[in-house]
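What follows is one structure encoded as structure tokens, with my remarks underneath.
The values are calculated or read from the model by the stated rules, or taken from the named source; none is laboratory data. As the structure is a computational prediction, the values presented were derived from the model and not from experiment. Counting neighbours? That spans all protein chains shown, and the Cβs are built from the backbone with ideal geometry, glycine included. Just the protein is used for accessible areas: all its heavy atoms, side chains included, with ligands, DNA and RNA removed. Shrake-Rupley method; radii C 1.70, N 1.55, O 1.52, S 1.80 Å.
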Amino acid sequence: MGNIVKERKSRPVNLDLKTIRFPITAIASILHRISGVITFVSIAILLWLLSLSLSSPDGFQSAAAILDTFFVKLVLWGILTVLAYHIVGGIRHLIQDLGYFEELESGAKSAQVSFVIAGVLAVLAGVLVW
């Protein structure tokens, strides 16, 4: 057997992030990872509030006063929205692990459905917070 040398085909390389168009399935997957990181970090905020509220009656009043501000309600709504998206995306990934919605078309549809469900849950979280 002789040496077979494969020639490299010169392909265009696009490294301009402004012009790259990701498919919806890639966007859903990337957002799922980002939402996981945000959820992990937000646990510290929520645990601090829980600790403050359980420390004493005055601590509970302080935590209630903190939660009564617009900015904190906005942050809490964001945390709940990110958590909801992460749960919906996680269920989508679990279903894909079972062998469903793995094709391009059905995967794209499942990503769209997960965005819609997460949007509805975000509105419900807003109702819950405010």
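Annotations for the structure displayed:
- Exactly one residue among 63, 111 is in contact (Cβ under 8 Å) with a residue 12 or more places away in the chain and under 20 Å from residue 43 (Cβ atoms), and that residue is 63.
- Tabulated pairs, the range 17-39, first under 15 Å from residue 85 (Cα atoms), second outside any helix (DSSP H, G or I) and open to solvent by 80 Å² or more (accessible area, probe 1.4 Å), C-beta under 7 angstrom, 6+ apart or interchain: none
- Filtering the range 15-39 to residues that are among the charged types (D, E, K, R) and open to solvent by 80 Å² or more (accessible area, probe 1.4 Å) leaves 18, 21, 33.
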